[in-house]
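Report on the structure given below.
The values are calculated or read from the model by the stated rules, or taken from the named source; none is laboratory data. Note that the structure is a prediction, hence the values are computed from the model and not measured. Neighbour counts run over all protein chains shown; Cβ positions are idealised from the backbone, glycine included.
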Amino acid sequence: MTHPRRAVVTGGAGFLGSHLCTELVDRGWEVVCLDNFLTGSPANVAHLLGSPAFRLDRCDVTDYIHVPGDVDLVLHFASPASPVDYLQLPIQTLKVGSIGTGHALGLAKDKGARFLLASTSEVYGDPQVHPQPEEYWGHVNPIGPRGVYDEAKRYAEALTTAYRTTHDVDTAIVRIFNTYGPRMRPFDGRAIPTFVRQALAGEPITVAGDGSQTRSVCYVDDLVRGILALAESDHAGPVNIGNPHERTVLEIAQDVVAATGSRSEIRFIERPVDDPEVRRPDTTKARELLGWEPEVDWTEGLARTVAWFDEALRTSA
């Protein structure tokens, strides 16, 4: 009798982590979710708690990780991931990217498991190459306010690579570009949840700068498919996963107003320090190595996201 494959997801009660846990359980995996609930929430995985295939453990991966039994896959997603979070939690962000990554890699090494690091498009900084291929080394200010996140992830990539070359751990690195969808926190500071929350409340939509800076946004279901395609492959990466269709922040705001039927006006506010001017993944590798490309179009993804926020905000009011 073959046993179900078993995955450990650090940060599994966060936005991305919870969607990963759900998809893994749906695919027949056993899942151990580790989270200290600093930015995640047990509510994000409440629907899984009745499943015998799912276990939720409160755990700070910068302290210690202990998981009894066999583990086939470690997905390291623990980290604050929005500017509001990592500007308020700079040391925790650096520690989870450094010490936490070391602990998660140690777990994978001990268990003989494949390890997948959730890295980020932020390793490219404010890029001088566009779109961003995996070979680009980035343009990051290490002492700027965003440096705590950018450099934590860059260090995590270096440590993951060192475990691969020194300890022969089977590792992979995914560089995640802007993602949106249900279970984002209304006040996490990122553009889409902020715009949707403001539009539903009839408040002014606050667009940074003149809104001409671009983002490429990927619906969460597509992202999860790409991450698991990489996890189940034998590729080390890094591999960009994101939607290569680029939009200005102002266009995103205008689309949110239309999708919500809001009468909100758009108000321009000061641009954050080191806010990237452009962001678009070169997804050639994801397409050629993994056969992956995004399938959910922006109109559909935004409609699903607005519906979720509308329900969540009304039930929490």
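Here are some notes:
- Residue match in segment 83-104 (condition: aromatic (Phe, Trp, Tyr) and out of contact with any strand residue (DSSP E or B) (no Cβ under 6 Å at 6 or more places or on another chain)): yes
- Here Leu117 meets each of (1) over 23 Å from Glu288 (Cα atoms); (2) surrounded by 15 or more Cβ atoms within 10 Å (Cβ to Cβ); (3) of a type outside the set (Gly, Ala, Ser) with one exception, condition (1).
- Val220 being touching a strand residue (DSSP E or B) at 6+ places or on another chain (Cβ under 9 Å) and either crowded, with 20+ Cβ neighbours inside 10 Å or without any contact (Cβ under 8 Å) to a residue 40 or more places away in the chain (or both): yes
- Pairs, first touching a residue at least 40 places away in the same chain (Cβ under 8 Å) and surrounded by 15 or more Cβ atoms within 10 Å (Cβ to Cβ) in segment 254-281, second charged (D, E, K, R) and assigned to a strand (DSSP E or B), C-beta under 9 Å, six or more apart: Asp255/Arg247; Pro276/Arg215; Val278/Arg215; Arg279/Arg215; Arg280/Arg215; Pro281/Arg175
- From the options Ala253, Ala229, Ala258, residue that is hydrophobic (A, V, I, L, M, F, W, C), at pLDDT 95 or above and over 30 Å from Ala286 (Cα atoms): Ala258
- Contact annotation: residue pairs with Cβ atoms under 9 Å, 6 or more positions apart or on different chains, pairing a residue in segment 13-38 that is under 14 Å from Val74 (Cβ atoms) and part of a loop (DSSP other than H, G, I, E, B) with a partner that is of a type in the set (D, E, K, R) and at pLDDT 95 or above, are Trp29/Arg5; Trp29/Arg6; Trp29/Glu23; Trp29/Asp72.
- Restricting segment 163-200 to residues that are at pLDDT 95 or above and of a type in the set (Gly, Ala, Ser) leaves a set whose member that is nearest to Thr120 (Cα to Cα) is Ala172.
- Of all residues in segment 271-313, those that are within 25 Å of Tyr136 (Cα to Cα), more than 19 Å from the chain's Cα centre (by Cα) and of a type in the set (S, T, N, Q) total 1.
- Against the numbered list (1) touching a Phe, Trp or Tyr at 6+ places or on another chain (Cβ under 6 Å); (2) part of a helix (DSSP H, G or I), Val207 comes up short only at (2).
- Among residues of segment 282-299 being part of a helix (DSSP H, G or I) and in contact (Cβ under 8 Å) with a residue 60 or more places away in the chain, the one that is surrounded by the most Cβ atoms within 10 Å (Cβ to Cβ) is Ala286.
- Each residue in segment 225-250 was checked for being surrounded by fewer than 23 Cβ atoms within 10 Å (Cβ to Cβ) and in a loop (DSSP other than H, G, I, E, B), and 9 pass.
- Subset of segment 300-317 [hydroxyl-bearing (Ser, Thr, Tyr) and without any contact (Cβ under 8 Å) to a residue 12 or more places away in the chain]: Thr315, Ser316
- Lone qualifier among Thr166, Thr160, Thr194 - being in contact with a helix residue (DSSP H, G or I) (Cβ under 8 Å, 6 or more places away or on another chain) and either surrounded by 23 or more Cβ atoms within 10 Å (Cβ to Cβ) or more than 16 Å from Thr93 (Cβ to Cβ) (or both): Thr160
- Those residues of segment 54-67 which are of a type in the set (D, E, K, R), part of a strand (DSSP E or B) and within 27 Å of Pro186 (Cβ to Cβ), in sequence order: Asp57, Arg58
- Unique residue being over 21 Å from Asp150 (Cα atoms) and either surrounded by fewer than 20 Cβ atoms within 10 Å (Cβ to Cβ) or touching a Lys or Arg at 6+ places or on another chain (Cβ under 7 Å) (or both) when the list is Val67, Val74: Val67
- Test: residue in segment 271-285 that is out of contact with any helix residue (DSSP H, G or I) (no Cβ under 7 Å at 6 or more places or on another chain), of a type in the set (A, V, I, L, M), on the phi < 0 side of the Ramachandran plot and at pLDDT 95 or above: no
- Of all residue pairs spaced 6 or more apart or on separate chains, those with beta-carbon atoms under 6 Å, a first member in segment 129-152 that is closer than 19 Å to Asp282 by Cα and a second member that is among the hydroxyl-bearing types (Ser, Thr, Tyr) and surrounded by fewer than 21 Cβ atoms within 10 Å (Cβ to Cβ) are Val129/Tyr136.
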